[in-house]
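*Asks:* The structure is given below, and queries will be raised subsequently.
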Amino acid sequence: MVSFFHYTSVSGLQEIISSGQIDESSHGNNHAHFGEGTYGTSLSPDEGRGEIARNNWGRHGKYYIRNGKMARAIEVKIPRNKVKKHKRSGRDILVHRGPVKLSDYPGWVEWKVPKEDYSDYFSDSDEDSDDSD
């Protein structure tokens, strides 16, 4: 089993719990650089917002922190054969084919991501764009 952490906003987590699934990203929304599927990471909230945002969104991570996309996380234990791990440029990205249905993986955990000073993770020249890296 692998710990699959999906980071989201407060309202995003409420929607995940309400719908019973983490929706997948598609090529059409500019967030599916490793193909269609549901994106996560094995990095836990203990790693801190800056480290996780840089891992998940590259140099644009600051934008996602400022816009609340790092406020919550959901941890789902998923069999290793159900996710593909990508380590491009030292990043830790997990992709689950299709949506992650919480009923398929009982025992999921909701996390509140601790706030921190994340300025050390991003230079002043990093753009505040919503493009993914």
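The values are calculated or read from the model by the stated rules, or taken from the named source; none is laboratory data. Remember, predicted model here, so these are calculated numbers, not experimental data. Please note: Cβ atoms are built from the backbone with ideal geometry, for glycine as well, and neighbour counts cover all protein chains shown.
*Asks:* State which residue is farthest from residue 22 (Cα to Cα) when the search covers only segment 59-75 and only residues that are surrounded by 21 or more Cβ atoms within 10 Å (Cβ to Cβ) and among the small types (Gly, Ala, Ser).
*Replies:* Step by step, filter segment 59-75, then rank; the result is 61.
*Asks:* List the strands (runs of 3 or more DSSP E) that sit entirely inside segment 15-114 and contain at least 2 residues that are basic (Lys, Arg).
*Replies:* 72-78, 83-86
*Asks:* If I go through segment 87-133 residue by residue, how many of them are modelled with pLDDT under 85 and not aromatic (Phe, Trp, Tyr)?
*Replies:* 23
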